[in-house]
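Student: Pasting in a structure now, in structure tokens, and then I'll have a few things to ask.
Throughout, read-outs are computed from the coordinates displayed, never taken from laboratory work. Here the structure is a predicted model, which is why all the values come from computation and not from measurement. Quick reminder, even Gly has a Cβ in these numbers, built from the backbone with ideal geometry, and neighbours come from all protein chains shown.
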Amino acid sequence: MLRMATIGVYGFDGATFLERLRHADVRLLLDVRQRRGVRGSQYAWANALRLQAALAQAQIAYEHHPELAPTTELRQLQYAEDARQGVGKRSRRELAAEYTRRYTAEILDLTDLTTLVAGLPGTGIAALLCVECDPEACHRSLIAQRLIEQHQVIIEHLRPL
């Protein structure tokens, strides 16, 4: 049975993020962010070049999958719903229904995840990376659900301890 994980940036610092990956035996990090930067000095470690260097030192492979990232328009749709509900990106608990519908139709339904699954490491596991702490508040949960449904992948959501 294939296993994968998901992980966000928020709630971690660089050291605890890498430790969480090591503890879960992650050998490949699949970055599904469109823009691979995170605002705020506390998350500078998660900006693409720094993150890739830290992963290389930890012997964790890295791949960017922009085809799975939400478009700017989709992100703006979610931000508008966040504003309507009075929540910030870092405190969001769930995705907007319209965002979920459109991400599924515009991204997931047009992407064959077979190639991604075929490229999973033979030992250890791969993890989908985005920024939100809670997977339910992030598109990575939609990707994970599709992997469960179409490829019978077992998913573990890695969270800060």
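Student: Could you work out the local net charge near R50, counting Lys and Arg as +1, Asp and Glu as -1, over the other residues with Cβ closer than 15 Å to its Cβ?
Tutor: That sum, taken over residues with Cβ under 15 Å, equals +2.
Student: For the range 1-95, which GluC sites (Glu not before Pro) are in a loop by DSSP, counting at most 15 other Cβ atoms within 10 Å?
Tutor: Loop-located and lightly packed - E94.
Student: Quick check on the chain: what does the Kirkwood estimate of hydrodynamic radius come out to from the alpha carbon pairs, in Å?
Tutor: When all Cα pairs of the chain are included, the Kirkwood radius is 15.9 Å.
Student: Taking other Cβ within 10 Å of each residue's Cβ, how do L51, L110 sort, fewest first?
Tutor: Details: L51 25, L110 9.
Placing the least packed residue first, the sequence is L110, L51.
Student: If I model a spin label at Q59 and E73 as a point 7 Å from the Cα along the Cα→Cβ vector, what separation in nanometres do I get?
Tutor: About 4.5 nm, to one decimal.
Student: Further question on the same structure: Below 15 angstrom from the Cβ of E98, what's the summed charge of the other residues (Lys, Arg +1; Asp, Glu -1)?
Tutor: Spelling it out: positives minus negatives among the neighbours equals 0.
Student: Let me ask you something else. Assigning unit charges at the beta carbon (Lys, Arg +1; Asp, Glu -1) and nothing else, what dipole magnitude in debye, to the nearest 20, does the chain show about its Cα centre? Write down the numbers at each step before the final one.
Tutor: Working: 20 positive and 19 negative charges, 94 e Å.
With Lys and Arg at +1 and Asp and Glu at -1, about 460 debye.
Student: Quick check on the chain: helices-only [θ] at 222 nm, where DSSP H runs of length 4 and up contribute -39,500 (n - 2.57) each and the sum goes over total residues. Nearest 500, please.
Tutor: -11000 deg cm²/dmol
Student: For a label point 7 Å from the Cα of R39 along Cα→C-beta, name the residues of the range 60-97 whose backbone N is under 17 Å from it.
Tutor: Residues 72-92 qualify, since their backbone N sits under 17 Å from the label point.
Student: Quick one: H139, H65, fewest Cβ neighbours within 10 Å first, how do they rank? Numbers along the way, then the final one.
Tutor: Details: H139 27, H65 17.
Sorted ascending by nearby Cβ count, the order is H65, H139.
Student: Separate question: What's the exposure ranking of D25, D82, D112, going from fewest to most Cβ atoms within 10 Å?
Tutor: Ordered from fewest to most neighbouring Cβ atoms within 10 Å, D25, D82, D112 come out as D112, D25, D82.
Student: With an 8 Å Cα cut-off and a minimum separation of 6 or more residues, compute the relative contact order for the chain in percent.
Tutor: Dividing the mean separation by the residue count of the chain yields 45 percent.
Student: Mind checking which of A46, A58, A127 has the largest fluctuation in a GNM of the chain, springs on alpha carbons under 10 Å?
Tutor: Evaluated over the chain, the most mobile residue of the options is A58.
Student: Indicate, rounded to the nearest 5 percent, the antiparallel portion of the DSSP beta bridges found entirely in the range 3-158.
Tutor: Antiparallel bridges make up about 0 percent of those DSSP assigns within the range 3-158.
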